[in-house]
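As structure tokens, the structure follows; a few thoughts come after it.
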Amino acid sequence: MSFDLLFYSCIIILSALFFLWTYSEKKLDGKFSKVINWISFPFPLLALYAVFKLNIDFGYILVSITFLALIAWFLGRAINLPSLIKEAKSFFIILFLITIFRSFLFEPFQIPSESMLPQLEVGDFLVVNKFSYGLRNPIGNKTIVPISSPKRGEVIVFTPKHTMCSSNISDAYPDNFDDLSNLQGFTWQRLIENCSALGVKYVKRVIGLPGDEIVFKNNNFFINGEALSKEYVKGNSKEIILKETQNYSNYFIKQNTNQSKNLENTWTVPKNYYFVAGDNRDNSLDSRSWGFVSDENITGKASFIWMHWECLGCFPEFSRNKFIE
């Protein structure tokens, strides 16, 4: 079963069970309510797992659930059902507080790909610090109170324009969107095939700030004419691990030993945009392929790995808990 089918199936089943529970409470004096509660228990967990695997912006899900809890509260008052009023009120208060906390302070994010190896692995759950760059609207992500801006070397979570079905190439290349030479073997049409209405969140490292000239040559980045400092750590016949230094930040990157060094491109980062790249440099779709990241599409700074949960049948692990360099 695909994850989108799993998500929608859980929503339909939970909706049906809610109406059955309401009927049981109202007409049958709660005769089957406990059974319905037990049957309902796994479906929110399955829906939550599907949300993370689909990389859906959980903010929209959380706001929607909070609103539904409020509607259920009013419904309980309308039909004079004390048990529904009590349950819905409790859920609404808890969800409202979580929404405030998640919208303005911290947000979870799961790593969906290998593009940030060796530091971040598939299944890592991150804490995203949303307050570090300013207070943002929970829906629409517009900055309400600016505090600071991303710095070179920081790992950020964002929604690139090419993952939104309504976007076009000018959103990622505002100054020279008709120049497709910077797309390394890709086309905009190919990139947006897996788009969604709300977009898909990515995690990458900031390489260039607004106004920077970025040159990628011989598998190295040059920022305003200066190459990023690298130090060999270890390697084998297929790949090497390097320690890269940027803005006083030290972190590890991975490169393939057989990767062609003939690719060369130059970008100038527009105002209010950023250039990002994955730490798994030869296995990452990033600004080298789909353009720049707009400030308004940045969710926050990835700060901490708080859990590792790779598959539905796996047990969550906490041995990888650490701050992100």
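Among the conditions (1) closer than 22 Å to residue 125 by Cβ; (2) in contact (Cβ under 8 Å) with a residue 24 or more places away in the chain, the only one that residue 42 does not satisfy is (2). Being at pLDDT below 80 and part of a loop (DSSP other than H, G, I, E, B) is a condition met by at least one residue of the stretch 99-117.
Of all residues in the stretch 224-234, those that are more than 25 Å from residue 265 (Cβ to Cβ) and not hydrophobic (A, V, I, L, M, F, W, C) total 1. For the stretch 36-90, filtered to residues that are aliphatic (A, V, I, L, M), in a helix (DSSP H, G or I) and modelled with pLDDT under 85, the residue that is surrounded by the most Cβ atoms within 10 Å (Cβ to Cβ) is 50.
A single entry from 291, 313 fulfils the requirement of being surrounded by fewer than 19 Cβ atoms within 10 Å (Cβ to Cβ) and more than 26 Å from residue 101 (Cβ to Cβ): 313. Identify the residue in the stretch 5-35 that is part of a loop (DSSP other than H, G, I, E, B) and not aromatic (Phe, Trp, Tyr) and, among all such residues, is surrounded by the most Cβ atoms within 10 Å (Cβ to Cβ). Only one residue fits best here, namely 30. Looking at residue 251, is it in contact with an Asp or Glu (Cβ under 6 Å, 6 or more places away or on another chain), more than 28 Å from residue 49 (Cα to Cα) and not in a loop (DSSP other than H, G, I, E, B)? It is true that residue 251 is in contact with an Asp or Glu (Cβ under 6 Å, 6 or more places away or on another chain), more than 28 Å from residue 49 (Cα to Cα) and not in a loop (DSSP other than H, G, I, E, B). Is it true that residue 288 is in a loop (DSSP other than H, G, I, E, B) and touching a residue at least 60 places away in the same chain (Cβ under 8 Å)? No, not satisfied.
The values are calculated or read from the model by the stated rules, or taken from the named source; none is laboratory data. What you see is a predicted model, and the numbers here were worked out from it, not measured in a lab. Note that we place each Cβ from the backbone using ideal geometry, even for glycine, and neighbour counts take in every protein chain shown.
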